[in-house]
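Peer 1: Here's a structure for you.
The values are calculated or read from the model by the stated rules, or taken from the named source; none is laboratory data. Owing to the predicted nature of the structure, the values given are computational and were not obtained by experimental measurement. When we count neighbours, we look across all protein chains shown, and the Cβ atoms used for this are built from the backbone with ideal geometry, even at glycine.
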Amino acid sequence: MSPTALVWFRRDLRLAGNQALTAAVANAAAVIPVFIWSPEEEAPWAPGAASRWWLHQSLAALQSSLRAIGSDLIIRRGPAAEALLQLAAETGAATVYWNRLYSPAETARDAAVRTALRARQVEPFDFPGALLREPTDVRNSSGKPFQVFTPFYKTYVGMGVASPSDPPERIPPPASWPPSLPLGGLRLEPAIDWAAGLRASWNPGEAGAHRQLRAFQDTGLPAYSTGRDRPDEPGTSRLSPHLHFGEIAPHQIWHVASRRFPGAGTEAYLRQLVWREFAHHLLYHYPETATQPLRPEFRAFPWRSDPDTLRAWQRGRTGYPLVDAGMRELWHTGWMHNRVRMVVASFLVKHLLIPWQDGAAWFWDTLVDADLANNTLGWQWVAGCSADAAPYFRIFNPTIQAHKFDPQDEYQRRWIPELGQPAYPSPIVDHQAARQRALAALAAMKKQ
């Protein structure tokens, strides 16, 4: 048994279903939980402003949960390898435990951390935890990564899902705790307080994640197969930021949903969990897709640079109510309904011909659930340039989408109080003209 172990928390900010924590408690006489703030090691995908706000709240909740069972969370600044080695020297820790992450920057950093620790005789142990399965576990019949979702989904479901572990009742503390930075010293919260809408909309942390899961079970899950497309109704789980920060494990959601609520709604929701896995599968195997289209022909697409229309889209001033309602919901709450995300993304890349990368960058900074894999796949799917993507010629009509999914205009009026008044802008582009321009751009690309 190791005398002292460090548990390096990253985006696994929970006690239950945490394999690294469970293993450390089982194999060490003392366990020191640690969080290291090193956004420079995640460049160019360091957390955006909304994500940093959430991270602050989630770390505070984790620290409180740890203290409630006699432990604590030590906070340090990076680089990660230097911080971990310094802590090991201060505490005599001989092992470091963590749960794996899978973005290109994170996998490169973790490989460097392993090498640095072993060079100083500190043994690293890493575990799966962010996904139902490792990205390397699933291959198609040719032994290659999947690029089509349906066979990926069927393979995933056939492999089964492991049961999550319970939270530890006690985490053995060290004889003395090493010094820690105060959480506020990381300056994750905005200097100018624009986060009132986020505070009113969310309860970050492990307890908040489980409350949200219970609420979804009661209101949304049974009718999820149809209700998920209605932004005017509480039909979605709103668990995406909790999943991103690891406040709840996907295994926990899978087992609660599949065992307690079998049915069409649950099956549709579990399919969405596997879509999240598909996103991570693609980014892991095709890391260049964070900035480049998976389908190389789209590198020749004739995108436009138009800062004025981009800003109108960002601020919810396009003159298309469903688009504007979604963008204002995003600005106020750090989140947007998934059906509306598809509509606003389609509008940007097809009505305005603005590159999907510009939309992905705005979402990255403003979403509390900004996840590189999900964000990348979502935008490339809408733009038609990714695996199993929506065809480029499928161009959402925002007006028809609004009539279909917000028939009483409840969602649109909730976020656009001036709707129908002179203060509301006229459409910045005509739908039919924009559709023809988009199709002409696609035809021009194909001629390249």
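Peer 1: Which pairs turn up if I take residues in the range 176-192 that are outside the structural domain of Ala29 (by TED's automatic domain parsing) and look for partners that are of a type in the set (D, E, K, R) and in a loop (DSSP other than H, G, I, E, B) with beta carbon separation below 8 Å, at least 6 apart in sequence or on another chain?
Peer 2: Trp177/Asp72; Ser180/Asp72
Peer 1: Another one. Residue by residue through the range 148-204, note down the ones that are of a type in the set (S, T, N, Q) and in contact with a helix residue (DSSP H, G or I) (Cβ under 7 Å, 6 or more places away or on another chain). Spell out how you get there, then give the answer.
Peer 2: From the range 148-204, those of a type in the set (S, T, N, Q) are 150, 155, 163, 165, 176, 180, 201, 203; that's our starting set.
Once the filter is applied, which keeps residues that are of a type in the set (S, T, N, Q) and in contact with a helix residue (DSSP H, G or I) (Cβ under 7 Å, 6 or more places away or on another chain), the range 148-204 yields Ser163, Ser165, Ser201, Asn203.
Peer 1: Tell me yes or no: at least one residue of the range 353-372 is touching a Ser or Thr at 6+ places or on another chain (Cβ under 7 Å), outside the structural domain of Gly48 (by TED's automatic domain parsing) and not hydrophobic (A, V, I, L, M, F, W, C).
Peer 2: Within the range 353-372, one or more residues are touching a Ser or Thr at 6+ places or on another chain (Cβ under 7 Å), outside the structural domain of Gly48 (by TED's automatic domain parsing) and not hydrophobic (A, V, I, L, M, F, W, C).
Peer 1: Return yes or no: is Ala88 part of a helix (DSSP H, G or I), in contact (Cβ under 8 Å) with a residue 60 or more places away in the chain and surrounded by 21 or more Cβ atoms within 10 Å (Cβ to Cβ)?
Peer 2: Working: part of a helix (DSSP H, G or I): yes; in contact (Cβ under 8 Å) with a residue 60 or more places away in the chain: yes; surrounded by 21 or more Cβ atoms within 10 Å (Cβ to Cβ): yes.
Yes.
Peer 1: Which ones in the range 113-136 are in a loop (DSSP other than H, G, I, E, B) and more than 21 Å from the chain's Cα centre (by Cα)? Please lay out each step first, then the result.
Peer 2: Going residue by residue through the range 113-136, those that are in a loop (DSSP other than H, G, I, E, B) are 120-122, 128-136.
If the condition is that a residue be in a loop (DSSP other than H, G, I, E, B) and more than 21 Å from the chain's Cα centre (by Cα), then Arg120, Gln121, Val122 are the ones that fit.
Peer 1: Within the set of pairs 6+ apart or on separate chains, which have a first residue in the range 296-313 that is assigned by TED's automatic domain parsing to the domain that holds Lys350, a second that is outside any helix (DSSP H, G or I) and of a type in the set (Asp, Glu), and C-beta atoms under 7 Å apart?
Peer 2: none
Peer 1: Could I ask something else about it? Which residues, taken from the range 208-225, are small (Gly, Ala, Ser) and either surrounded by fewer than 16 Cβ atoms within 10 Å (Cβ to Cβ) or within 21 Å of Phe245 (Cα to Cα) (or both)? Talk me through it step by step, then tell me what you get.
Peer 2: From the range 208-225, those small (Gly, Ala, Ser) are 208-209, 215, 220, 223, 225; that's our starting set.
Within the range 208-225, Gly208, Ala209, Ala215 meet the criteria.
Peer 1: So Trp194 clears everything in (1) in contact with a Pro (Cβ under 9 Å, 6 or more places away or on another chain); (2) among the hydrophobic types (A, V, I, L, M, F, W, C); (3) assigned to a loop (DSSP other than H, G, I, E, B) except one condition, right? Which one?
Peer 2: (1)
Peer 1: Yes or no: Ala94 within 17 Å of Ala5 (Cβ to Cβ), hydrophobic (A, V, I, L, M, F, W, C) and surrounded by 21 or more Cβ atoms within 10 Å (Cβ to Cβ)?
Peer 2: Details: within 17 Å of Ala5 (Cβ to Cβ): yes; hydrophobic (A, V, I, L, M, F, W, C): yes; surrounded by 21 or more Cβ atoms within 10 Å (Cβ to Cβ): no.
When the stated conditions are applied, Ala94 does not pass them.
Peer 1: Can you tell me which residue among Pro3, Pro33, Pro47 is touching a residue at least 12 places away in the same chain (Cβ under 8 Å) and in a loop (DSSP other than H, G, I, E, B)? It would help to see each step written out before you state the result.
Peer 2: Values: Pro3 fails: in a loop (DSSP other than H, G, I, E, B); Pro33 fails: in a loop (DSSP other than H, G, I, E, B).
Answer to the check: Pro47.
Peer 1: Being surrounded by fewer than 16 Cβ atoms within 10 Å (Cβ to Cβ) and of a type in the set (S, T, N, Q) is the filter; apply it to the range 154-179 and report the residue that is farthest from Tyr269 (Cα to Cα).
Peer 2: Filtering first and then ranking leaves Ser176.
Peer 1: Within the group Arg259, Arg271, which residue is touching a residue at least 12 places away in the same chain (Cβ under 8 Å), in the same structural domain as Tyr156 (by TED's automatic domain parsing) and out of contact with any His (no Cβ under 8 Å at 6 or more places or on another chain)? Can you show your working first?
Peer 2: Values: Arg259 fails: touching a residue at least 12 places away in the same chain (Cβ under 8 Å).
Result of the check over Arg259, Arg271: Arg271.
Peer 1: Residues that are closer than 24 Å to Ala209 by Cα: find the helices (runs of 4 or more DSSP H) completely inside the range 278-372 holding 1 or more of those. Reasoning before the result, please.
Peer 2: Numbers: elements: 307-314, 321-333, 338-346, 356-366.
Hits in the range 278-372: 321-333, 338-346, 356-366.
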